[in-house]
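The structure under discussion appears below in the form of structure tokens.
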Amino acid sequence: MPGDARELATGASALLSAMTQFVGVVTVPREDDLPLRQIEFVALPDERVLAVLVFANQHIQNRILQMTRRPDAADLERAATVLNTGFCGLRLSEIRAHLALELQAADGALRNALGGAVELATHALQPGPESIPDMVVSGQANLMGVHDLADLQRLRGLFEAFQQKRELLALFENCADAPGVRLFIGEESGFAPLAGCSMVTATYGVQGRVLGSIGVIGPTRMAYDRVIQVVQTSADLLGGILNRIVTPA
């Protein structure tokens, strides 16, 4: 599908690996972090509602909402109108925050506008499975030919970290909290399996918003100037592609 986040991350990871002959790592941008373009509601049997969310990358999410009561057609139209008019162009997390604040406002203007559709609107914007962090790792086999990493025990620990992802993903998400290029040599990463490696990371994003991080893992003896340039350029390219996708023509 156009602008598929995982597809873009997979391509960027493979490119990093091919250009450096090391391991390429890219965190997958979560759709909850992309602007919402449109939302519509469709009544289903019983108390269920289909929420159709269209994101700025043109991806469509279909969410089945279980309501406490069956909303009528006016509720569905009202919720879609209020959300599309007042909140499109924002990320789901931002819409949730705005919605919570405005629903608590003393004048109750938004609550009055939504009427019986308050529950519908809040349910539709809850974090979904697509908000779970993920990453793509490419080129692990490249490390098997690196003399400095020839120790089998060390390689086994690295490969297990690549396969399990959880701690490595947490490390890359922490890198995303500090925009720009970062370099970790040996134990500087604080992640034991990378003690004999170096890691170069950079953040990428759109419209001034960081969406994730991208990086290379290799031996401590690498051409740092070249690898840093490759990582930074790849981050800029990925951000540029995403920016063209999410920015209306």
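Any read-out appearing in this document is the output of simple, stated calculations on the displayed coordinates, not a laboratory observation. Computed from a predicted model, the values in this text were never measured in an experiment.
Taking a ≥ b ≥ c as the square roots of the eigenvalues of the Cα gyration tensor of the range 116-240, is the shape rounded (a/c under 1.5), prolate (a/b larger than b/c) or oblate? Prolate, since a/c reaches 1.5 and a/b exceeds b/c. Considering only alpha-carbon pairs that sit under 8 angstrom and 6 or more positions apart, the relative contact order computed for the chain is 23 percent. Based on the Kirkwood approach, the hydrodynamic radius assigned to the range 136-196 is 12.5 Å, with every pair of different Cα atoms included. Panel values: the chain, Kirkwood radius from alpha carbon pairs, Stokes-Einstein at 4 °C and 1.567 mPa s, translational diffusion coefficient 65 µm²/s.
Summary of the geometry: the range 43-59 and the range 172-249, compared by the centres of their Cα atoms, lie 34 Å apart.
To the nearest 500 deg cm²/dmol, what mean residue ellipticity at 222 nm is calculated for the chain from DSSP H runs of n ≥ 4 alone, each contributing -39,500 (n - 2.57), summed and divided by the residues? Before the final figure, lay out the partial values.
On the way: 8 runs with 101 residues, N = 249.
Computed ellipticity for the chain at 222 nm equals -13000 deg cm²/dmol.
Taking the longest Cα principal axis of the chain as reference, the axis of helix 224-246 is set at about 20 degrees. Full extension of the chain between GLU77 and HIS147 gives 18.8 nm of extra length, using 0.36 nm per residue less the Cα-Cα distance.
Working out 0.36 nm times the residue gap between ARG244 and LEU44, then minus their Cα-Cα distance, what length gain in nm do you get to one decimal? Don't skip to the answer; put the middle values down first.
Working: separation 200, 0.36 × 200 = 72.00 nm, distance 3.53 nm.
The span from ARG244 to LEU44 would gain 68.5 nm if fully extended.
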